[in-house]
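Engineer: Below: one structure in structure tokens.
The values are calculated or read from the model by the stated rules, or taken from the named source; none is laboratory data. What you are looking at is a predicted structure, and each value in this text was computed from that prediction instead of being measured. Cβ: placed from backbone, ideal geometry, glycine included. Neighbour counts: every protein chain shown.
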Ligand code: HEM
Ligand SMILES: Nc1ncnc2c1ncn2[C@@H]1O[C@H](COP(=O)(O)OP(=O)(O)OP(=O)(O)O)[C@@H](O)[C@H]1O
Ligand SMILES: Nc1ncnc2c1ncn2[C@@H]1O[C@H](COP(=O)(O)OP(=O)(O)OP(=O)(O)O)[C@@H](O)[C@H]1O
Ligand SMILES: [Mg+2]
Ligand SMILES: [Mg+2]
């Protein structure tokens, strides 16, 4: 699979339909998820209506971790096998992951104000999440700063792998430190403890975020391949003369 | 013809050591002064003193009132890796008050105009620095080993630029290890005294 | 005689543009390969690929098992302004596993040995870089425009160093714009194909 | 005037392209603001008291970090020689470089201070005046920073030296800025900040240009 | 081994001569420690609580300031090429450079922290353990810093970028270090700091060397 897609030409022909298809899927799931989450699911017994932020916050949190993990995997492939498409994949994922992390931080703050009585607290979960966001920013800044694209990708891959230590810290922070943030209730060993009426829309929204990620990442990668082709043509044209 | 540049009894001292003293010469329109000397003789120091960067320990450098401004091409190209060749020329045009120019074409960099200077090869970067001389007309050119890194075609091009500048009444003072195509009106030998 | 260096069907691509391809040559003890080409032809890129800094887009570079190590003299001298010339040589001796050496004397820098490299003139700094080649014996020398900035005496000195290295069974690959004193065994013309 | 404008835009482009654009100083600022509470622990009242001033220290350090190469690169690659040869006085070109720095680094920093101040427990309604105060304070920092950067341009690992030279001059804006952030004497402090900024912007380029002339020797 | 030692001493000499020797990072450290109380005002109890952690932030920033040129200069002047041609693996040479940085910048910083901590109202008897914790913490900072410096070596105005890249990695040592400074869980925090230092010193050179190989292309 990886080997197959490593060739830009094959990647282009294989993915022509993927971005629009996942875009449509994402739109569908968002409609269903928002409808179920905002209107059909029950308010929570302690938090009341504010619990509905959950359907935005939790998938964003999950996928900000998931996207980083994906980037780390792509970075590994890129460093070990020098696959150009793995570079593109990691680079395409980064801004999306950063956005998810930002959404998680913002919605978490908004949610925290009524439930915890504060916008922000320097506890383990919140801090490690902020650090993840900063790592995303660092990755993006590095990619933007190094002007040779291939070199930028490889360097950023090294950074990405080094930053991966933070991912388990974010996930387990609620167990390692006593925090305000609640411990895992869905993604935990021994199964989910959340009520089914909330679980369904939550998973729908998670699916919507994922589809959106796939659609945007593939579209970004395809755009990069196109841009490279144009640039290569321009450089070939510059070949004449000293 | 009144001289554009006159140097009187110049002496330069670097790190306590006297490089040369009592150096005098004049240059009027069309003159090409060649500065020769072994490594470390003080060619670069002389040019930098004429440009006003370095304070000489004795003597004086004078310019005729009519002539305004000079161009200096040093060992360093004065080129920024992140900026394209074209943007360099635009900047120099602004800095030196020139007009829109075909400088890049004249030094043979039209194909590299949009590339960031970082990817230019040694000789291409030198050509870009030469383009600076063309970005605004200035009567006096101070060139420090201008041919460094240039290929045969580049050297011809350089000689052509110098000849054209002399024809227009300009003055060129160049530190060289080897003759370039243009015939000098005077050769200064540093360290030979 | 088995070759010390063999280059097979080498191709180099920079920024998406192919500089050259299918370049093959071999060099055995005493050989001097001259690399020629216009500015931007890819001389520097070829030397850096042989040194292993740059990954070629096709082909391979092989060294004979017996020969170990190479010296690279690039456009940059690899010299630190704050450190004295003598300290540079001592460092290189340590880095390349050489023995105490008279390198500075051989390149004519004995008078400048204790000066920080920052105050050296362009040609003096180039001589210091040449001293690196002498700090530890290595069979293959890759020289990128080694004569840049050298005066006539410096060029003779360079030719002498190359001849001595060849006599001892070494190989020299040098990118040049002009011939230097030593007669090449082969001349590669980049970009001429 | 053409030379000033050309220098300004060139520096904007250079600052933008090198080092990740406006993102990088911003990230540095955010990073420094994050480190402080990490070090101080989650004590809310402590943070509320120590936090807003810390935003100022962080802004000062972010400017410091971008000062190092301001003139050093020009000196090394020969661009400074060219600036000296322009008909426009060096003072004006230095001013243009400072203005570019303010635009590319200062402006985003000041606006990032809003969220940062909130994270450090500042009251919401004080955010606009904190931003204004930072805009002025950053101009003062840059004015002073120009001098340090010019003096240390010839030194290889100059960054630390610049910091040493410039930090004393950063003290007054920090004091007034912190008092704005803490909500004390806001009007007086803002006036004093504006004074510092004016002082820095006028005197900075002159002192810096004088130092640069010496560097070219 | 000879190559490692030669690299170590050369870097010690370079760090010492460039930028005012060990004095400059020290000055930066002291400057930052002085700015903080200026910004916070003269409240004694506030200082006592916020001060020692701030010494850590200042130390982190002082290391940051000396990271920028660590590899960038080598890349630009061609020295990196020579390091790659040595028979000794680049990882070992990078380690030697890190060790030199620790000796010239880290050691004086840690010992300067003593007086600084006292000035920031830390109890006298806690000074030795603060120094030890800083020695470990600075090793961890440098280990992480090597990676950031190597990855950003090709970038022109890299200082700010490096800061952004490594600040996240500075967070754990700062957290544990601050807890030592505040006198909480000293033994556990010291052990964790030692862990961070070991981690940084072992993995840092490998990641940095990988990045440097790419930079040479
Ligand atoms: C800025 C503040 C916040 C941040 C940075 C944040 C961050 C995160 C992260 C990273 C996760 C994913 C954890 C994992 O899967 O490993 C998460 C999950 C979650 N968060 Fe937050 N959060 C914040 C505020 C809140 C608030 C205020 C609440 C509700 C009172 C909340 C409720 C949840 C819930 C219910 C989950 C799902 C836990 C699970 O089952 O895995 N969060 N949050
Ligand atoms: N600050 C200084 N302290 C001591 N000596 C110095 C200093 N600056 C320059 N020198 C010396 O001054 C001499 C002249 O240097 P200059 O660069 O002018 O020579 P040059 O003729 O241009 O040589 P090249 O042909 O090598 O470029 C050199 O010997 C150099 O070592
Ligand atoms: N990253 C890059 N992107 C695009 N083009 C590049 C890149 N790096 C190098 N080049 C181009 O590769 C070509 C070869 O450069 P190289 O330095 O090898 O030439 P050279 O033969 O050494 O020239 P010179 O005689 O001027 O030193 C140049 O035309 C240069 O513009
Ligand atoms: Mg010279
Ligand atoms: Mg070349």
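Here is a yes/no grid of residues against (1) in a strand (DSSP E or B); (2) away from chain C (no Cβ under 12 Å); (3) in contact with a helix residue (DSSP H, G or I) (Cβ under 6 Å, 6 or more places away or on another chain); (4) at pLDDT 95 or above:
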| residue | (1), (2), (3), (4) |
| --- | --- |
| B:138 | no, yes, no, no |
| B:142 | yes, yes, yes, yes |
| B:148 | no, no, no, no |
| B:181 | no, yes, yes, no |
| B:184 | no, yes, no, no |
| B:193 | no, yes, no, no |
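Engineer: Which of the residues that make up region E:156-179 are in contact (Cβ under 8 Å) with a residue 40 or more places away in the chain, at the interface with chain D (Cβ under 7 Å from one of its Cβ atoms) and within 16 Å of residue D:68 (Cβ to Cβ)?
Structural biologist: E:158, E:159, E:163
Engineer: Now for a separate question. For residues that are assigned to a loop (DSSP other than H, G, I, E, B) and farther than 13 Å from residue D:56 by Cβ, scanning just region D:117-136, find the one that is modelled with the highest pLDDT. Give the derivation first.
Structural biologist: Keep residues of region D:117-136 that are assigned to a loop (DSSP other than H, G, I, E, B), which gives D:120-123.
Narrowing the set further to residues that are farther than 13 Å from residue D:56 by Cβ leaves D:121, D:123.
Working: D:121: 69, D:123: 77.
Applying the filter and picking the extreme gives D:123.
Engineer: Can you pull out the residues in region B:32-44 that are near ligand 2 (Cβ under 8 Å from one of its atoms) and over 13 Å from the mean Cα position of the chain (by Cα)?
Structural biologist: B:37, B:38, B:39, B:40, B:41, B:42 - these are the residues of region B:32-44 that are near ligand 2 (Cβ under 8 Å from one of its atoms) and over 13 Å from the mean Cα position of the chain (by Cα).
Engineer: Go through region E:173-204 residue by residue and tally those that are under 14 Å from the mean Cα position of the chain (by Cα) and surrounded by 20 or more Cβ atoms within 10 Å (Cβ to Cβ).
Structural biologist: Here the count works out to 8.
Engineer: Identify all residues within region C:80-105 that are assigned to a helix (DSSP H, G or I) and facing chain E (nearest Cβ under 10 Å); write none if there are none. Break it down into steps so the answer makes sense when it comes.
Structural biologist: Taking region C:80-105 as the starting set, the residues that turn out to be assigned to a helix (DSSP H, G or I) are C:85-96, C:103-105.
Answer for region C:80-105, where residues must be assigned to a helix (DSSP H, G or I) and facing chain E (nearest Cβ under 10 Å): C:87, C:88, C:90, C:91, C:92, C:93, C:94, C:95, C:96.
Engineer: Still on this model: Any idea which residue in region D:33-53 is modelled with the highest pLDDT, counting only those that are more than 7 Å from every other protein chain (Cβ to nearest Cβ) and within 14 Å of residue D:116 (Cβ to Cβ)?
Structural biologist: D:33
Engineer: On to the next question. Checking the structure you have, find out if any residue of region B:129-148 is surrounded by fewer than 23 Cβ atoms within 10 Å (Cβ to Cβ), under 24 Å from residue C:15 (Cα atoms), in contact (Cβ under 8 Å) with a residue 12 or more places away in the chain and more than 16 Å from ligand 4 (Cβ to nearest atom).
Structural biologist: Within region B:129-148 (the criterion being surrounded by fewer than 23 Cβ atoms within 10 Å (Cβ to Cβ), under 24 Å from residue C:15 (Cα atoms), in contact (Cβ under 8 Å) with a residue 12 or more places away in the chain and more than 16 Å from ligand 4 (Cβ to nearest atom)), the answer is no, since none of the residues qualifies.
Engineer: Of the residues C:37, C:69, C:30, which is touching a residue at least 60 places away in the same chain (Cβ under 8 Å), on the phi > 0 side of the Ramachandran plot and within 16 Å of ligand 3 (Cβ to nearest atom)? Spell out how you get there, then give the answer.
Structural biologist: Working: C:69 fails: within 16 Å of ligand 3 (Cβ to nearest atom); C:30 fails: within 16 Å of ligand 3 (Cβ to nearest atom).
Exactly one of C:37, C:69, C:30 is touching a residue at least 60 places away in the same chain (Cβ under 8 Å), on the phi > 0 side of the Ramachandran plot and within 16 Å of ligand 3 (Cβ to nearest atom), namely C:37.
Engineer: With out of contact with any helix residue (DSSP H, G or I) (no Cβ under 9 Å at 6 or more places or on another chain), at pLDDT below 95 and more than 20 Å from residue A:203 (Cα to Cα) as the only criterion, which of A:81, A:17 stands out? Show your work before the answer.
Structural biologist: On the way: A:81 fails: out of contact with any helix residue (DSSP H, G or I) (no Cβ under 9 Å at 6 or more places or on another chain).
Just a single option satisfies the conditions, and that option is A:17.
Engineer: Can you say whether residue C:155 is under 24 Å from residue C:43 (Cα atoms) and either within 16 Å of ligand 5 (Cβ to nearest atom) or in contact (Cβ under 8 Å) with a residue 40 or more places away in the chain (or both), as far as the supplied structure shows? Explain how you work it out, then say what you get.
Structural biologist: On the way: under 24 Å from residue C:43 (Cα atoms): yes; either within 16 Å of ligand 5 (Cβ to nearest atom) or in contact (Cβ under 8 Å) with a residue 40 or more places away in the chain (or both): no.
For residue C:155, the condition - under 24 Å from residue C:43 (Cα atoms) and either within 16 Å of ligand 5 (Cβ to nearest atom) or in contact (Cβ under 8 Å) with a residue 40 or more places away in the chain (or both) - is not met.
Engineer: Of all residues in region B:106-124, count the ones that are more than 7 Å from chain C (Cβ to nearest Cβ) and either in a helix (DSSP H, G or I) or closer than 24 Å to residue B:159 by Cβ (or both). Can you show your working first?
Structural biologist: Of region B:106-124, the ones more than 7 Å from chain C (Cβ to nearest Cβ) are B:106-118, B:120.
In the following step, the residues that additionally are either in a helix (DSSP H, G or I) or closer than 24 Å to residue B:159 by Cβ (or both) were identified as B:106-113, B:117-118, B:120.
Result for region B:106-124: 11.
Let's see how each residue does on (1) surrounded by fewer than 19 Cβ atoms within 10 Å (Cβ to Cβ); (2) modelled with pLDDT of 95 or more; (3) closer than 30 Å to residue D:47 by Cα; (4) over 15 Å from the mean Cα position of the chain (by Cα):
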{"position": "A:101", "(1), (2), (3), (4)": "no, yes, yes, no"}
{"position": "A:108", "(1), (2), (3), (4)": "no, no, yes, yes"}
{"position": "A:113", "(1), (2), (3), (4)": "yes, no, yes, yes"}
{"position": "A:118", "(1), (2), (3), (4)": "yes, no, yes, yes"}
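Engineer: Exactly one condition in (1) within 16 Å of ligand 5 (Cβ to nearest atom); (2) farther than 30 Å from residue C:152 by Cβ; (3) free of Cβ contacts under 8 Å to residues at least 24 places away in the same chain is not met by residue B:121; state its number.
Structural biologist: (2)
Here is a yes/no grid of residues against (1) surrounded by 24 or more Cβ atoms within 10 Å (Cβ to Cβ); (2) more than 7 Å from every other protein chain (Cβ to nearest Cβ); (3) in contact with a helix residue (DSSP H, G or I) (Cβ under 6 Å, 6 or more places away or on another chain); (4) modelled with pLDDT of 80 or more:
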position	(1), (2), (3), (4)
E:4	no, yes, yes, yes
E:12	no, yes, yes, yes
E:20	no, no, yes, no
E:23	no, yes, no, no
E:59	yes, yes, yes, yes
E:62	yes, yes, yes, no
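Engineer: Given the options C:113, C:9, C:49, C:38, name the one that is closer than 25 Å to residue B:121 by Cβ, more than 16 Å from ligand 1 (Cβ to nearest atom), modelled with pLDDT of 90 or more and surrounded by fewer than 18 Cβ atoms within 10 Å (Cβ to Cβ). Working first, answer last.
Structural biologist: On the way: C:113 fails: closer than 25 Å to residue B:121 by Cβ; C:49 fails: surrounded by fewer than 18 Cβ atoms within 10 Å (Cβ to Cβ); C:38 fails: surrounded by fewer than 18 Cβ atoms within 10 Å (Cβ to Cβ).
The unique qualifying residue is C:9.
Yes or no, residue by residue, for (1) more than 22 Å from residue E:90 (Cα to Cα); (2) within 14 Å of ligand 5 (Cβ to nearest atom); (3) assigned by TED's automatic domain parsing to the domain that holds residue C:16:
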site: C:41; (1), (2), (3): yes, yes, yes
site: C:61; (1), (2), (3): no, no, yes
site: C:83; (1), (2), (3): no, no, no
site: C:98; (1), (2), (3): no, no, no
site: C:117; (1), (2), (3): yes, no, no
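Engineer: Determine whether residue C:112 is within 16 Å of ligand 2 (Cβ to nearest atom), under 21 Å from residue C:81 (Cβ atoms) and free of Cβ contacts under 8 Å to residues at least 24 places away in the same chain. Explain how you work it out, then say what you get.
Structural biologist: On the way: within 16 Å of ligand 2 (Cβ to nearest atom): yes; under 21 Å from residue C:81 (Cβ atoms): yes; free of Cβ contacts under 8 Å to residues at least 24 places away in the same chain: no.
Judged against the criteria, residue C:112 is not a match.
Engineer: Here is a further query. When residue C:77 is evaluated against the numbered criteria (1) in a loop (DSSP other than H, G, I, E, B); (2) more than 8 Å from chain E (Cβ to nearest Cβ); (3) within 16 Å of ligand 2 (Cβ to nearest atom), which criterion, by number, is the only one it fails?
Structural biologist: (2)
Engineer: Among the residues of region A:133-149, which ones are touching a residue at least 12 places away in the same chain (Cβ under 8 Å), at the interface with another protein chain (Cβ under 8 Å from one of its Cβ atoms) and either more than 18 Å from residue E:168 (Cβ to Cβ) or surrounded by fewer than 23 Cβ atoms within 10 Å (Cβ to Cβ) (or both)?
Structural biologist: Answer for region A:133-149, where residues must be touching a residue at least 12 places away in the same chain (Cβ under 8 Å), at the interface with another protein chain (Cβ under 8 Å from one of its Cβ atoms) and either more than 18 Å from residue E:168 (Cβ to Cβ) or surrounded by fewer than 23 Cβ atoms within 10 Å (Cβ to Cβ) (or both): just A:140.
Engineer: Taking the stated definitions as given, is residue C:76 at pLDDT below 95, within 16 Å of ligand 3 (Cβ to nearest atom), closer than 30 Å to residue B:41 by Cα and surrounded by fewer than 23 Cβ atoms within 10 Å (Cβ to Cβ)? Walk me through it before giving the result.
Structural biologist: On the way: at pLDDT below 95: yes; within 16 Å of ligand 3 (Cβ to nearest atom): yes; closer than 30 Å to residue B:41 by Cα: yes; surrounded by fewer than 23 Cβ atoms within 10 Å (Cβ to Cβ): yes.
Against the criterion (at pLDDT below 95, within 16 Å of ligand 3 (Cβ to nearest atom), closer than 30 Å to residue B:41 by Cα and surrounded by fewer than 23 Cβ atoms within 10 Å (Cβ to Cβ)), residue C:76 qualifies.
Engineer: Among A:126, A:212, A:130, A:202, which is the only one that is surrounded by 15 or more Cβ atoms within 10 Å (Cβ to Cβ), more than 11 Å from ligand 1 (Cβ to nearest atom) and either assigned to a helix (DSSP H, G or I) or facing another protein chain (nearest Cβ under 10 Å) (or both)? Spell out the reasoning first.
Structural biologist: Numbers: A:126 fails: more than 11 Å from ligand 1 (Cβ to nearest atom); A:130 fails: more than 11 Å from ligand 1 (Cβ to nearest atom); A:202 fails: more than 11 Å from ligand 1 (Cβ to nearest atom).
None of the other options fit; the residue is A:212.
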